[in-house]
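Notes for the one structure printed next.
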Amino acid sequence: MSREMQGHELFKAGEVSDRIERSVQTIGLWYQSKRRGYKVTQCLPEPVYIKGRRYFTEKDIKALIEFKDNLERGDMAPYNREHKWGKEGKKIQKRLRNKHKKEANEN
């Protein structure tokens, strides 16, 4: 159920989730990464918060669809490794750094 504010229809994250075909958790992850300064997500529109709930305008939904469509496989992987995977993510990051160093030394 949407609500209206200053002439704009506002949609809850669940409604937006259905429209952009991504879970509420994924949308939340995008915004969590934006708050932490992850550059891939800095283009996301700022939602309206009412009593702690996120609401989006139609314009925001279009921007989220564009973001989703332009997001490439692996774009969120560095953020997820660092902030979501715990110790295992840190091990993976260390392996990747070592691999990149080794490749750089070989060239």
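The values are calculated or read from the model by the stated rules, or taken from the named source; none is laboratory data. Just so it is clear, the structure is predicted and the values come from calculations on it, not from any experiment. Methodologically, a virtual Cβ is constructed for each residue, glycine included, from the backbone with ideal geometry; neighbour enumeration extends over all protein chains shown.
Here are a few things to note about the model shown:
- For Y49, the conditions (1) assigned by TED's automatic domain parsing to the domain that holds R22; (2) surrounded by 10 or more Cβ atoms within 10 Å (Cβ to Cβ); (3) at pLDDT below 95 are fulfilled apart from (2).
- Scanning region 7-20 for residues that are touching a residue at least 12 places away in the same chain (Cβ under 8 Å) and either in a strand (DSSP E or B) or not aliphatic (A, V, I, L, M) (or both) turns up H8, E9, L10, F11, K12, E15, R19.
- Any pair with Cβ under 6 angstrom, 6 or more apart, that starts in region 46-65 at a residue that is under 12 Å from L10 (Cβ atoms) and ends at one that is part of a strand (DSSP E or B) and among the charged types (D, E, K, R): P47/R54
- Residue list for region 52-70, filter: surrounded by 14 or more Cβ atoms within 10 Å (Cβ to Cβ) and assigned to a loop (DSSP other than H, G, I, E, B): T57
- R73 passes every criterion in (1) at pLDDT 90 or above; (2) assigned to a helix (DSSP H, G or I); (3) surrounded by fewer than 10 Cβ atoms within 10 Å (Cβ to Cβ) apart from (2).
The rows are residues; the columns are (1) more than 12 Å from the chain's Cα centre (by Cα); (2) on the phi > 0 side of the Ramachandran plot.
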position	(1), (2)
M5	yes, no
E21	yes, yes
M76	no, no
R81	yes, no
K102	yes, no
